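The values are calculated or read from the model by the stated rules, or taken from the named source; none is laboratory data. Because the structure is predicted, anything quoted here is derived from the model rather than measured. Cβ coordinates were reconstructed from backbone atoms using ideal geometry, including for glycine residues, and neighbour counts include every protein chain displayed.
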Amino acid sequence: MYDQAIINGRIYQNHTWQYKNIYLDGEKIAHISHELLPAERIIDVKGFEVLPGMIDPHVHFELDLGWIKSVDTFETGSRAALYGGVTSIIDFLEPTDHPDALEKAYFERRKQAEASMIDYTFHATIKSPKCDLEDYVKKMKSLGMHTLKLFTTYSDSNRRTDDEAIYELLRLSKKYHFLVLAHIENDALITLEPSYTYKDLLKSRPSLAETSEALKLASFVKETGGYLYMVHLSSGFTLEALIQSYQDIIGTHLFLETCPQYLLFDASVWNQDQGYLYTFAPPLRTKEEQELLKKNIGSIQTIGTDHCAFMKKDKQKATLKEIPLGVGGIESSLSLMRALMGDEAIDKMSERVAMIQGLRQKGKLEIGYDADIIFVKPHLYLIGEPHATSDYSMYTGLEGYGEVITTMIRGQIVYHNHKVFPHTGRWIEGSDITF
């Protein structure tokens, strides 16, 4: 007899919809079939869709910028995630420049993340390295992390990693089976004039900064045979240029992530009364670039939110330099993306994330996998007010498809009908990145 049976559901398995029953033993999926088998607990989900829990590969909870901190803690951010069917997140360590600092940052972040209600892991984050890069990589791997974030910009805060180090890290990624993540903007093309307001974001961080740097790093990938994941690709110009020049490595050595904000908004929103609320980096792009991004969405492997929330008062400032760049959105991402691109969004937010990021027991409804499962009411609805800390969401009032009714993590119902139940998330031990 199984512990639990989820019956009469329309389940999303192997990229298609099927009517099957799912049987759980403890925290794992034990059996999936058309048969009706005995179980101690029966959950009848007739009329609902049954999906794997979503994995957000790009969140910033408790991000300390030195002068301000993002407002969602691991507790409040993960609570909001439950409303949107997100059962696992990947956050980031504080940027460090040598192995000892990396280890310290890891244990500090692990302590913070103990408050998470959903499962979690981290990307190690490097800045302006002052060490043997191979030693840094070995330390990262010894701590159970297999992804390493770097910045090609932010030289003003000493976070930039130079080309020589990036090239070496890509070479090491092939040797040690890890994934290099990169915030890709050409630092030399970014201007930070004190007089700029949020309406000058495209002057401050032009598309060419992203496109030129993306092409350069793609060439490094080709030369080294390494593995690169471009976070928050914002411009359709960038995507089209990568397709034209590097189609042969996209999805095998070069992986591309975009975010809901770049697909749903363009720079014209800055002309609204509260245009300052739509501020993040890289910034929104022109309508033409947005349309190109949507047209070529098939070449994007994953969707991450870059959830980094602040309050309205933090955003309503006279100059751009006073505004913290970041927005929330973890709880509405799945339904918004399904309304935009249909079932393709599910794969980009679950199985593909797990495969690329080395989360071997997550992202699929499959025997032996963690029982991270969500029940979804298949209808169109309007996105409501957020359940996180921030007092606004860019997405309130937009149309979403597929309302999450129940979120289950490792066999335990943690959210149901707008009610959250106590639960402690767990550290996810990653695996070597192999493709």
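Here are the numbers for this structure:
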item	result
Some residue of segment 301-311 being more than 26 Å from residue 347 (Cα to Cα), surrounded by fewer than 16 Cβ atoms within 10 Å (Cβ to Cβ) and not small (Gly, Ala, Ser)	yes
Pair list, Cβ < 7 Å and 6+ apart or interchain, from segment 105-116 residues that are assigned by TED's automatic domain parsing to the domain that holds residue 64 and modelled with pLDDT of 95 or more to residues that are assigned to a helix (DSSP H, G or I) and surrounded by 19 or more Cβ atoms within 10 Å (Cβ to Cβ)	112/74; 113/74; 115/74; 116/74; 116/78
Of the criteria (1) closer than 20 Å to residue 302 by Cα; (2) in a loop (DSSP other than H, G, I, E, B); (3) assigned by TED's automatic domain parsing to the domain that holds residue 183; (4) of a type outside the set (A, V, I, L, M, F, W, C), which one residue 324 fails	(1)
Unmet requirement for residue 33, which otherwise passes all of (1) closer than 21 Å to residue 422 by Cα; (2) exposed (fewer than 14 other Cβ atoms within 10 Å of the Cβ)	(1)
Residues of segment 57-106 classified as of a type in the set (A, V, I, L, M), under 29 Å from residue 133 (Cβ atoms) and assigned to a helix (DSSP H, G or I), total	3
Qualifying residue in segment 426-433 (condition: under 20 Å from the mean Cα position of the chain (by Cα), of a type in the set (S, T, N, Q) and in the same structural domain as residue 89 (by TED's automatic domain parsing))	no
Test: residue in segment 384-394 that is of a type in the set (A, V, I, L, M, F, W, C) and surrounded by fewer than 19 Cβ atoms within 10 Å (Cβ to Cβ)	no
Filter result (part of a helix (DSSP H, G or I), out of contact with any Leu (no Cβ under 8 Å at 6 or more places or on another chain) and either closer than 22 Å to residue 258 by Cα or not hydroxyl-bearing (Ser, Thr, Tyr) (or both)) within segment 156-201	163, 164, 171, 174, 175, 187, 188, 199
Test for residue 129: is it touching an Asp or Glu at 6+ places or on another chain (Cβ under 7 Å), farther than 19 Å from residue 426 by Cα and outside the structural domain of residue 407 (by TED's automatic domain parsing)	yes
Residue within segment 335-356 that is on the phi > 0 side of the Ramachandran plot and not assigned by TED's automatic domain parsing to the domain that holds residue 180 present	no
Segment 55-93 - residue that is of a type in the set (Val, Ile, Thr) and more than 13 Å from the chain's Cα centre (by Cα) and, of those, surrounded by the most Cβ atoms within 10 Å (Cβ to Cβ)	71
Of all residues in segment 224-238 being more than 16 Å from residue 296 (Cα to Cα) and touching a Lys or Arg at 6+ places or on another chain (Cβ under 8 Å), the one that is surrounded by the fewest Cβ atoms within 10 Å (Cβ to Cβ)	225
Odd one out for residue 96 among (1) within 18 Å of residue 149 (Cα to Cα); (2) within 16 Å of the chain's Cα centre (by Cα)	(2)
Any hit, segment 187-203, residues being at pLDDT below 95 and over 22 Å from residue 298 (Cα atoms)	yes
Where a residue in segment 169-187 is assigned by TED's automatic domain parsing to the domain that holds residue 234 and its partner, wherever it lies, is of a type in the set (Ser, Thr, Tyr) and assigned to a helix (DSSP H, G or I), with Cβ under 8 Å and at least six apart	170/224; 171/224; 173/224; 174/224; 179/173; 180/173; 186/212; 187/155
Residue selected from segment 352-383 under the condition β-branched (Val, Ile, Thr) and part of a loop (DSSP other than H, G, I, E, B), by the criterion surrounded by the most Cβ atoms within 10 Å (Cβ to Cβ)	383
Residue selected from segment 384-415 under the condition part of a strand (DSSP E or B) and within 19 Å of the chain's Cα centre (by Cα), by the criterion farthest from residue 274 (Cα to Cα)	409
